[in-house]
Amino acid sequence: MFGGPQTSEAFRAEALDVGAVADIPPLHARWTGLDVRVVAASEREAPLEHPLYEIGIAPGADIDDLSDIEGARVAYSPGQAQGALVLRVLESVGLEPEDVELVEMTSVDDTYVNALASDQVDVAPLGDVLIRRYLDRYARDGATVLPHGLRDDPWHLYAPESVLEDADKAAAIRELLRAWGRAQVWIGEHPEEWAEGFYVGHEGLSPEDAEHLVERDGVSVIPEDWDETIERHQATADLLSRIQEWPSVDVREEVYDTRFETVAFEGLTEGDAR
């Protein structure tokens, strides 16, 4: 699994045909001259109960509530989902980017955890197992995390337009999407097997971390249509256009390939997902 910047790099090198990312990389790719299209989408059941991220607070930072972050140093990655979440959190508490000090850094591995622990930043969005690691290592020093209370669950498969224009590859992607849709159901119904096979066997995590992630992940849902998905994605695109001064983008027309809208969902009824 790659982050958005690595996926775009692989697309440009023609080393990858399909990527799996959150909502920002497809937008950022198009804004930086890489023509890509979303071909599948998933979301989390009860997304506010199973957030992807929480807001890490550095030891010693005088921040007990998100409304306290005015003037704080905030880790910020403009081309990644974490960057958009930072902007949305600021918006939710009535702040603008200039009301905090945005410290630009790419979220890779333990970068944000180390930045919080070494007093480089006061605030950083942390996801997945990094939340657990951060608290395990630094809670005794005063490290905390705060819920952001926002929906942060979009997940997409996307591909370069040049790949989708290849009839053979487009047909193969359709088969991939059907299998991917069925896989999401299987994962939800077999959490222990998923934890052991993917998080432990593939990602090299400990069984404890794997169990923690499966509980955090909750259950993925494949939407039957993209109407609400696109509406939320458009709101995010509009926010980034305003704050980061990117051109306006019509998400439905310019980011999604609606020829694939129902493919992953249809895969749920093709064969036994179990």
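Among the residues of the stretch 107-146, write down those that are of a type in the set (Ser, Thr, Tyr) and either within 23 Å of His50 (Cβ to Cβ) or touching a Leu at 6+ places or on another chain (Cβ under 8 Å) (or both).
Correct list: Ser107, Tyr112, Tyr134, Tyr138, Thr144.
So if I check each of Ala235, Ala170, which one is over 30 Å from Gly71 (Cβ atoms), surrounded by fewer than 20 Cβ atoms within 10 Å (Cβ to Cβ) and without any contact (Cβ under 8 Å) to a residue 24 or more places away in the chain? Talk me through it step by step, then tell me what you get.
Details: Ala235 fails: over 30 Å from Gly71 (Cβ atoms).
Matching residue, one of Ala235, Ala170: Ala170.
Only one of Val185, Val163, Val221 is of a type in the set (Val, Ile, Thr), under 21 Å from Trp31 (Cβ atoms) and buried (at least 17 other Cβ atoms within 10 Å of the Cβ). Can you tell me which? Before you say what the answer is, go through the steps one by one.
Values: Val185 fails: under 21 Å from Trp31 (Cβ atoms); Val221 fails: under 21 Å from Trp31 (Cβ atoms).
On inspection, the qualifying residue turns out to be Val163.
What's the number of the condition Val103 fails, among (1) open to solvent by 10 Å² or more (accessible area, probe 1.4 Å); (2) modelled with pLDDT of 95 or more; (3) among the hydrophobic types (A, V, I, L, M, F, W, C); (4) touching a Leu at 6+ places or on another chain (Cβ under 7 Å)?
Going through (1) open to solvent by 10 Å² or more (accessible area, probe 1.4 Å); (2) modelled with pLDDT of 95 or more; (3) among the hydrophobic types (A, V, I, L, M, F, W, C); (4) touching a Leu at 6+ places or on another chain (Cβ under 7 Å) one by one, Val103 breaks only (4).
Would you check if Leu157 is at pLDDT 95 or above, closer than 30 Å to Leu87 by Cα and surrounded by 17 or more Cβ atoms within 10 Å (Cβ to Cβ)? It would help to see each step written out before you state the result.
Working: at pLDDT 95 or above: yes; closer than 30 Å to Leu87 by Cα: yes; surrounded by 17 or more Cβ atoms within 10 Å (Cβ to Cβ): yes.
Yes; evaluated as a whole, the condition is true for this residue.
Filter the stretch 195-226 down to the residues that are in contact (Cβ under 8 Å) with a residue 60 or more places away in the chain and hydrophobic (A, V, I, L, M, F, W, C) and list them by number.
Keep residues of the stretch 195-226 that are in contact (Cβ under 8 Å) with a residue 60 or more places away in the chain, which gives 205, 209, 212-213, 216-223, 226.
Correct list: Leu205, Leu213, Val219, Val221, Ile222, Trp226.
Kindly establish whether Val93 is more than 17 Å from Leu150 (Cα to Cα) and surrounded by fewer than 20 Cβ atoms within 10 Å (Cβ to Cβ). Break it down into steps so the answer makes sense when it comes.
Details: more than 17 Å from Leu150 (Cα to Cα): no; surrounded by fewer than 20 Cβ atoms within 10 Å (Cβ to Cβ): yes.
When the stated conditions are applied, Val93 does not pass them.
The values are calculated or read from the model by the stated rules, or taken from the named source; none is laboratory data. All values reported here derive from a predicted model rather than from experimental measurement. Cβ atoms come from the backbone with ideal geometry, glycine included; neighbour counts cover every protein chain shown. Protein only, heavy atoms only, side chains kept; ligands, DNA and RNA dropped before computing areas. Shrake-Rupley method; radii C 1.70, N 1.55, O 1.52, S 1.80 Å.
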